[in-house]
Amino acid sequence: DNDFIKSYINRSLPETSLSNKYVYKVHKLLNLNLPRSKYIVILRNPYEILTSFYHFMKCDLERAINVGKRHAMVIDHYSKMSQEKLLKIRYEDIELNTINIVKEISAFLEIDLSMENIELISDKFNKNKVQLTINKCEADLLKKIKETGKVNKNEVVIISPKNIRAFDVNTGFQSGHISKRSSSEWRDIFSKNEVEKIINSIDSVAVQLGYESERTKKNNY
């Protein structure tokens with residue numbers, strides 16, 4: 001986050017060309033009135049958020065639950081800003097309605113794209129293609145380590161000594177960005193007691209964000 005914020009200050013703000021667009025992905029809550037900026041926020045089911053965080057960050061359940069619960073606060077924060085500078089995208093639409101999402105983003109950013117380019121972007125960044133990009137990045141990194149014993153610090157993301165990811169500098173994708181699990185399978189990696197604890201903690205947040213109650217689903221199992 002800090003690197004992106006520095007880049008925003010040093011590169012984006014002084015930019016004079018309207019054709020140059022800078023994209024930053026941050027996890028911190030930003031001020032709602034940053035100059036020359038538009039905001040894109042992903043609305044996602046908090047059950048999926050906590051499961052993904054728990055799986056890829058290899059953290060304890062309590063921390064993952066807190067991350068899932070925080071999502072409602074994030075959405076509420078950005079919902080207070082000028083709506084003409086805010087685009088909300090539902091996570092599930094990225095997979096199910098990719099063409100429309102690319103159209104929506106390009107219009108929001110005032111970029112004129114032909115249908116041919118929209119389709120090319122949709123194809124380039126589909127789930128399978130992204131996984132191939134990550135696989136190649138990991139293979140190239142391992143080869144470099146084997147041959148030289150060194151890596152550039154920009155080529156890795158160090159979460160912890162036991163959780164080090166390859167980072168593709170061209171796309172921003174990294175190890176673990178693609179899950180093989182579908183969203184409906186979030187319960188599968190938790191015990192029965194953990195599922196109960198998660199539902200008790202998260203269900204009201206999910207409903208608040210417009211998702212179906214898992215408590216209702218549970219009662220129907």
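Can you tell me the convex hull volume per residue for region 1-75, based on C-alpha atoms, in Å³ to the nearest whole number?
Output value, Cα hull per residue: 109 Å³.
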Projecting each Cα onto the charge dipole of the chain (Lys/Arg +1, Asp/Glu -1 at the beta carbon, about the Cα centre), which of THR51, SER17, ILE121 comes out farthest on the positive side? THR51
Can you tell me, using C-alpha contacts under 8 Å and at least 6 residues apart, the relative contact order of the chain as a whole percent? 19
Tell me, what is the FRET efficiency for LEU120 and TYR24 to the nearest 0.05, using R0 = 22 angstrom and their Cβ-Cβ distance as r? 0.40
What does the convex hull of the alpha-carbon atoms of region 1-132 project to on average, in nm²? 9.4
Label-point separation in nm, PHE108 to MET81, each point 7 Å along Cα→Cβ: 1.0
Give me the one-decimal nm value for the distance between modelled label points at VAL157 and GLU196, 7 Å along each residue's Cα-to-Cβ direction. 3.5
Which value in Å does the Kirkwood hydrodynamic radius of the chain take, with 1/r averaged over all unlike C-alpha pairs and then inverted? 19.8
What residues qualify as long-range amide H neighbours of ARG90, i.e. H under 5 Å apart, gap of 5 or more or another chain, H built at 1.01 Å from N? LEU43
Based on the mean of other Cβ atoms within 10 Å per residue, sort peptides 160-170, 144-154 so the most packed one is first. 160-170, 144-154
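What accessible area per residue, rounded to a whole number of Å², is obtained for the chain using a probe radius of 1.4 Å?
67
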Return the carbon/sulfur percentage of the accessible area of the chain, one whole number, probe 1.4 Å, all protein chains in place. 52
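The values are calculated or read from the model by the stated rules, or taken from the named source; none is laboratory data. Note that the coordinates shown come from a computational prediction; the quantities given were computed from them, not determined experimentally. Don't worry about glycine lacking a Cβ; one is built from the backbone with ideal geometry, like all the others, and counts go over all protein chains shown. For accessibility, only protein heavy atoms count, side chains too; no ligands or nucleic acids. Shrake-Rupley method; radii C 1.70, N 1.55, O 1.52, S 1.80 Å.
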